[in-house]
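See below for the structure under consideration.
The values are calculated or read from the model by the stated rules, or taken from the named source; none is laboratory data. The structure presented is a predicted model; accordingly, all values stated were derived computationally and were not measured. Because the Cβ atoms are built from the backbone with ideal geometry, glycine has one as well, and the counts that use them run over all protein chains shown. The area values use the complete protein model at the heavy-atom level, side chains included, leaving out ligands, DNA and RNA. Shrake-Rupley method; radii C 1.70, N 1.55, O 1.52, S 1.80 Å.
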Amino acid sequence: KQEVTQIPAALSVPEGENLVLNCSFTDSAIYNLQWFRQDPGKGLTSLLLIQSSQREQTSGRLNASLDKSSGRSTLYIAASQPGDSATYLCAVRQGAQKLVFGQGTRLTINP
Amino acid sequence: DTEVTQTPKHLVMGMTNKKSLKCEQHMGHRAMYWYKQKAKKPPELMFVYSYEKLSINESVPSRFSPECPNSSLLNLHLHALQPEDSALYLCASSQPLIRDTEAFFGQGTRLTVV
């Protein structure tokens, strides 16, 4: 059974810092990995999708990497801003229809 | 347009009520999903529709009844719910049977059962 773990569970950093969020998964037979952002009480916003054949994907200040063989992904956020404060979830696509989520990292950027 | 629209945004219902949650997407996706999310927990899959047919039911109690009337719409009918069913209900869509499909989520319906 696929298990997805995110470390740390919570992170608080001052504005302007670069930071890394970690995601690990136990079964490397994934179709893709997706990073989401969730603001309190809101839905999920897709940030980046990394296909199983890709090593990394970039969007603005965000860069996500994938090492499928070791079961790891990282989300790098450059020059963090208070507006980046949210919960970040990674999810792996297991089979054609199932997304398996990690528990999320709650990020706070302090002005 | 990568939007998934859910209505209502908030819903309060009694344990004897019948209500429905609605979800709509116009991305041409043929897979639609219902997830349930409790506070400070990740979303949990409830149902998957693929080409308007129910393909996955994650052993959800029968008081939750999904319906997919067409390729753009997904409903979740609620009846005789319990207070522990209070949660954020999320709808999502993607392309079925495609390895690298991206999933898009709606803003959710915050359900409170009293």
Å² per residue, accessible surface of chain B at 1.4 Å: 49 Å²
Heavy-atom accessible area, 1.4 Å probe, ligands and nucleic acids excluded: residues of region A:79-110 down by at least 10 Å² from chain alone: A:L89, A:R93, A:A96, A:Q97, A:K98, A:L99, A:F101, A:Q103, A:R106
Of all accessible heavy-atom area on region B:1-57, the percent that carbon and sulfur account for (1.4 Å): 51 percent
Förster radius 35 Å - calculated FRET efficiency between A:L11 and B:Y51, Cβ distance, rounded to 0.05: 0.30
Chain B: Rg to Rh, with Rh as the Kirkwood radius over Cα pairs: 0.95
Zero-based 5 Å bins, Cα pair distances in region A:1-66, whole percents: 3, 12, 21, 27, 22, 10, 3, 0
Full-extension gain in nm, B:E84 to B:E3, via 0.36 nm per residue minus C-alpha separation: 26.2 nm
Shielding score for A:33-41, defined as the mean number of other chain Cβ atoms within 10 Å: 3
Orphan Cys of chain B, criterion: no other Cys C-beta under 4.7 Å: B:C68
Percentage, to the nearest whole number, of Cα pairs in the protein assembly as shown over 31 Å apart: 21 percent
Whole-percent carbon and sulfur share, accessible surface of chain A, 1.4 Å: 47 percent
Loss of accessible area when A meets B, both sides summed, Å² nearest 100, probe 1.4 Å: 2100 Å²
In Å, descending, principal axis extents of the Cα set of region A:8-111: 41, 27, 21
